[in-house]
Amino acid sequence: MTEQRPPMPPFTRETAIQKVRGAEDGWNSRDPAKVALAYTADSVWRNRDIFLKGRAEIVDFLHMKWEKEQQYRLIKELWAFSGNRIAVRFAYESRDMAGRWWRSYGNENWEFDANGLMAWRHASINDRLIGASDRLFHWPQGSRPDDHPGLSDLGL
């Protein structure tokens, strides 16, 4: 049986937004196995200076990531789309093992196969140390509530 992950390309504005929110919700679950299912079995990633290929490497990477980036909360926002490609901007907040808070900002370029699985992911990310009082992402662990402001609403 062929794996499918709706919505499938070519994307409309509405389906691109659905895809972005689905990705955000998946990453906010902090469940590496669940997140990896959104990618092709041989998906290729560039995440900062790390290059990955395939779901097993994605799962291993995400386990390590979320061990270091505790209390992770992510917001993604559609930037552009065309055909089977989507560009997003994002920000996430996390606490490191020393108790310091960080806000990480970035952009991702995604390319999907015909079944709606992400085949390519290129992420550029910058980190900024913030004080606990500067945090903006306060919802309980898991999906961002629908009434929580997005990046543009927060001025990010």
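Coordinate-derived values only; no laboratory data. Quick caveat, the model's predicted, so the values are computed rather than measured. Here the Cβ is made from the backbone with ideal geometry for all residues, glycine too, and neighbour counts use every protein chain on show.
Under the combined filter of DSSP loop state and at most 12 neighbouring Cβ atoms within 10 Å, region 82-112 retains these trypsin sites (Lys or Arg not before Pro): ARG100. Put simply, the amide H of HIS148, placed in the peptide plane, has no neighbours under 5 Å, leaving out anything fewer than 5 places away on its chain. Annotation for region 6-66: trypsin sites (Lys or Arg not before Pro) lying in DSSP loop with at most 15 further Cβ atoms inside 10 Å of their Cβ are ARG48.
In whole Å, how far is the Cα centre of region 26-86 from that of region 114-135? Going from one Cα centre to the other spans 9 Å.
Take the Kirkwood radius over Cα pairs of the chain, plug it into Stokes-Einstein at 25 °C and 0.890 mPa s, and you get 154 µm²/s for translational diffusion.
Using a cutoff of 8 angstrom between alpha carbon atoms and counting only pairs six or more residues apart, the relative contact order for the chain works out to 26 percent.
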